[in-house]
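Each reported figure results from applying straightforward, stated rules to the coordinates on display, with no laboratory input. Every value quoted in this text rests on a predicted model; they were computed, and no experiment measured them. Glycine also receives a Cβ, built like all others from the backbone with ideal geometry; neighbour counts cover every protein chain displayed.
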Amino acid sequence: MISAENIEKSYGEVKALRGVSLEVKEGELFGLIGPDGAGKTSLIRILVTLLKPDKGSATVNQLDVVDDFRKLRKQIGYMPGRFSLYPDLSVEENMTFFATVFGTTIEENYHLVKDIYQQIEPFKERLAGRLSGGMKQKLALSCALIHAPKVLVLDEPTTGVDAVSRKEFWEMLKRLQKMGITILVSTPYMDEANLCDRVALIQDGNILTINTPERVTQNHESILWAVRSDNMYLCIRDLRKHPGVKTVFGFGEFLHITLRDNTISPTALEKYLKERCHTNIAINPIEPGIEDVFMDLMQKHDN
Amino acid sequence: MKQLRGFIRKEFHHIFRDSRTMLILFGIPIIQLLLFGYVITTEIKDARIAILDKSHDEVTREITHKLLSSGYFRLDAMLDNEGQIDNIFRQGNIKEVVVFEQNFGKKLERDGKADVQVITDASDPNTAQLLSNYTNAIVQDYLQKKFVNYKIPLEIKPQVRMLFNESLMGAFTYVPGTMALILILISAMMTSITIVREKEMGTMEILLVSPLKSHHIIIGKVAPYLILSILNALIIIGMGYLIFGVPVRGSFILLMFVVIVYILLALSLGILISTISDSQVKAMFVSVMILMLPTILLSGFIYPIDNMPVALQVFSNIMPARWFIEAVKAVMLKGVGTGYIWKQILIMTGMTILFLGISVKKFKLRLE
């Protein structure tokens, strides 16, 4: 449904995308995951015809994003990163406006947006600028869907939205997927990766890996331990000094460490830490999450 | 078509819901017209003068009475000697002192000649010039009537008539000028700001991704301001007529045609500005710098173009307001027909086409 090949894009000196290729299948919920400044927005803007790639090509629904951009614009639903509706128009006026712009009416495609729109309909007289963050996102999504697009592209829809609204938002995306809409969504939140069918990890204009969330973590070769002690700061320093430890990153109340080889055991490491006066030591081997994989891939990439 | 209607409806919502926009659209034109009409005036009314009458005879009293009853002058002080003149000017309250020499009336009867000295405060040279002319005219007029049977030497007396504006009313020039200024401000500045606002707020991203064509976006943005600007022009013409008595001597339809041509020109300029600005502040700055000040200074609105240095005279040719003011004055005050102003209309149309052409070329279908 969406296919990008070797896309490069620079803004002056800054290289935003350095040869990005990806393929999104029809009906898929595809996640584009990476930190701020990784190139997510640039890639998305190229795919929705807002920017031209410097090199490479991309098609959405077999339409070229540069040559067939007019036709393509009728078939894409796009929700930009920041709130891009008219704050001085009411909820209903925003909806009506975007419906008219796409040559349709709210009634015609009401079935598509019904689930979402019903939640904000009680406030339809309210100006969009006075809605809460979560409701703004719902309205923006409704507006992006009003013309029944085949492909829905969302740029960081959950950034700055509270945890409950985020969860609701992903449930809505799942429901839309069931209606047959192909969805490409970008997010800086690693924990949202598990909600996608497949994810692409992007960093510094390069795609690090593309796979299902399960495979991404399964393919992770390194052994991962979660470590904690009373003095976390010293703990990081001492672990980094240990010759068998490859990486140390803080993950909430634990440190996640990867090992160079399998020669050291948890007990050996505990002994090592005890010798350096650490107390309350806990070491548990764990399954890696997306975030661990991301850190690992980033490290490899940088080297 | 339906898309366009929806777009225009949205645009009206933006305008009517923003009190600042409403103020600029309807408050400023009225205030500006009143200000220009009443405050910046070149007419003389109730100028304060002092009189030093060394003669105190019937003739000087009558001339003094004539001066003060003309409506142009108001007596501030009667002076006793020349020493006071300097001082009273320094105080700054009075604009003119009229000095009658001793035995004024007797000399006049005996020699047919007497001296009256008119001293004006020329720190404001235009006013000083006007005051002395008015005084001179009143004195001459008096003498003519008084000594109608007297054998005065044969002289040629010019009869001056001020055509199209007999009483030299300032409002006659300020109404067309204000209209030129306000229409260009509203049309060009407001449209450029409203287009750039969509870019700044990110809504342009969605509009671009939608099937809307660029001319839909532009027409949708501009159409409301065309309607509101026409309304504004009607308000200004109406106020000019009712408050300042500025007539529309020519065809009203022709006048409105000129107004609409000028509005379209200003709108195209606004679109052009919007394509080169990426923030509302920049659009506003560009509009004020390249439109407002030159329109006031170089269009012949306040200062006659003929008096400018040659370089500025040439430059005034590219001021849209210059051609508009010429055409509007011709229709409103001289009552001429299309035959006399086709040149101005043609120039404005040409400018519009040029600006639109550049805008269409520069309008971005993408974000870069």
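Exposure proxy for A:C235, A:C143: other Cβ atoms within 10 Å of each Cβ, ordered fewest to most, give A:C235, A:C143. With both labels modelled 7 Å from their Cα along Cα-to-Cβ, the B:S132 to A:Y11 distance reads 6.6 nm. For chain B, modelled as a GNM whose springs connect Cα atoms under 10 angstrom apart, the maximal fluctuation among B:V328, B:V258, B:V99 occurs at B:V99.
Taking every Cα-Cα distance in the protein assembly as shown and sorting them into 10 Å bins starting at zero, the pair-distance distribution P(r) comes out as 3, 12, 16, 15, 13, 11, 9, 7, 6, 5, 3, 1, 1, 0 percent. Applying the criteria of a DSSP loop state and at most 16 other Cβ atoms within 10 Å to the trypsin sites (Lys or Arg not before Pro) of segment A:245-274 yields A:R260. Label-to-label distance, A:K74 versus A:Q119, with points set 7 angstrom from Cα along the beta-carbon direction: 3.2 nm.
Projected label points at B:I318 and A:Y189, each 7 Å from Cα along the beta carbon direction, are separated by 5.5 nanometres. Here the Gaussian network model covers chain A, with springs between Cα atoms less than 10 Å apart; of A:L22, A:L234, A:L154, A:L234 fluctuates the most. With N denoting the number of residues in segment B:47-146, provide Rg(C-alpha) divided by 2.2 N^0.38 Å, to two decimal places. Scaled against compact globular proteins, the figure is 1.03.
Count Lys and Arg as plus one, Asp and Glu as minus one, and take only other residues whose Cβ is under 14 Å from that of A:S132; the net charge is then +3.
Label reach from A:R82 (point 7 Å along Cα→C-beta): in segment B:326-368, amide nitrogens under 17 Å belong to B:367-368. Electrostatic bookkeeping for A:R240 treats Lys and Arg as +1 and Asp and Glu as -1; over the other residues with beta carbon under 15 Å from its beta carbon, the sum is +4. Taking amide hydrogens as placed 1.01 Å from N in the peptide plane, the amide H of B:L79 sits under 5 Å from those of B:I51, B:L52, B:D53, each at least 5 positions away in sequence or on another chain. In a simple Cβ point-charge model (Lys, Arg +1; Asp, Glu -1; nothing else charged), segment B:47-146 has a dipole of about 260 debye relative to its Cα centre. Looking at chain B, identify the longest residue range that excludes and avoids all chymotrypsin sites (Phe, Trp or Tyr not before Pro) in DSSP loops having at most 14 other Cβ atoms within 10 Å. Longest run free of exposed loop sites: B:165-368.
In chain A, what percentage of the DSSP-assigned beta bridges are antiparallel, given to the nearest 5?
The antiparallel fraction comes to roughly 65 percent.
Dipole of segment A:37-118 computed with +1 at Lys/Arg Cβ and -1 at Asp/Glu Cβ about the Cα centre; of A:A38, A:L112, A:T96, farthest Cα towards the positive end is A:A38.
In loop segments of segment B:57-119 as defined by DSSP, the GluC sites (Glu not before Pro) with at most 16 further C-beta atoms inside 10 Å of their C-beta are B:E82, B:E101.
Shown in residue order for segment A:49-65 are the 3J(HN,Hα) couplings computed by the Karplus curve 6.51 cos²θ - 1.76 cosθ + 1.60 at θ = phi - 60°: 6, 7, 10, 9, x, 6, 9, x, 9, 8, 10, 10, 6, 6, 9, 6, 6 Hz (x for Gly and Pro).
What translational diffusion coefficient, to the nearest whole µm²/s, does segment A:2-212 have by Stokes-Einstein, given a Kirkwood radius computed over alpha-carbon pairs, a temperature of 37 °C and 0.692 mPa s viscosity?
Stokes-Einstein gives a translational diffusion coefficient of 189 µm²/s.
Enumerate the lysines that B:K107 could reach by cross-link, defined here as Cα to Cα under 26 Å, with residues fewer than 8 away along the same chain left out. Straight-line reach from B:K107, under 26 Å: B:K54, B:K66, B:K145, B:K146, B:K151, B:K157.
The magnitude of the dipole of chain A, with charges of +1 and -1 set on the Cβ of Lys/Arg and Asp/Glu and taken from the Cα centre, is near 260 debye.
Projecting the Cα atoms of A:M179, A:L22, A:G205 onto the charge dipole of chain A (Cβ charges, centred on the Cα centre) puts A:G205 farthest toward the positive pole. Residue by residue, segment A:69-74 carries 3J(HN,Hα) couplings of 4, 5, 4, 5, 4, 6 Hz when phi is fed to the Karplus relation 6.51 cos²θ - 1.76 cosθ + 1.60 (θ = phi - 60°); x denotes Gly or Pro. Residue by residue along A:73-86, Cβ atoms of other protein chains within 10 Å of the local Cβ number 4 on average.
A Förster radius of 56 Å combined with the Cβ-Cβ distance from B:T349 to A:K271 puts the calculated FRET efficiency at roughly 0.05. Taking amide H as placed 1.01 Å from N in the peptide plane, A:V199 has its amide H under 5 Å from the amide H of A:G31, A:N211, A:T212, each at least 5 places away in sequence or on another chain.
Roughly what % of DSSP beta bridges within the protein assembly as shown run antiparallel, to the nearest 5?
Close to 60 percent.
For the protein assembly as shown, a crude dipole built from +1 on the beta carbon of Lys and Arg and -1 on the beta carbon of Asp and Glu, taken about the Cα centre, is about 1320 debye to the nearest 20. Inter-chain Cβ neighbour count for B:199-206, averaged per residue, equals 6 (cutoff 10 Å, partner chain atoms only).
Placing a label point 7 Å from the Cα of B:S214 along the Cα-to-Cβ direction, the residues of segment B:248-291 whose backbone N falls under 12 Å of that point are B:272, B:275-276.
With a Förster radius of 30 Å, plug the Cβ-Cβ distance of A:D54 and A:N219 into 1/(1 + (r/R0)^6) and report the FRET value to the nearest 0.05.
The calculated FRET efficiency here is 0.45.
Taking every full run of DSSP H in chain B, the ones that stretch at least 24 Å from end to end by Cα along their long axis and average 0.5 or higher on the Kyte-Doolittle scale are B:214-244, B:252-276, B:338-362.
Across the cross-link table entries A:K15/A:K178; A:K138/B:K10; A:K114/A:K178, which are compared at the Cα atoms, the separations over 25 Å belong to A:K15/A:K178.
Within the straight-line cut-off of under 19 Å between alpha carbons, the aspartates and glutamates reachable from B:K2 are A:E92, A:E93, A:E107, A:E108, B:E11, sequence neighbours fewer than 8 places apart in one chain being disregarded. When chain B is treated as a Gaussian network with alpha carbon springs shorter than 10 Å, the biggest mean-square fluctuation among B:Q102, B:Q91, B:Q117 belongs to B:Q91.
Less than 5 angstrom separates the built amide H of B:Y72 from those of B:D46, all sequence-distant by 5 or more or on a different chain. Listed from fewest to most Cβ neighbours within 10 Å, the set A:L297, B:L23 follows the order B:L23, A:L297. Of the GluC sites (Glu not before Pro) found in segment A:247-303, those that fall in a DSSP loop while having at most 15 other beta-carbon atoms within 10 Å are A:E253.
Cross-link partners of A:K274 among aspartates and glutamates, defined as those whose alpha carbon lies under 14 angstrom from its own and excluding same-chain residues fewer than eight positions apart: A:D230, A:D238.
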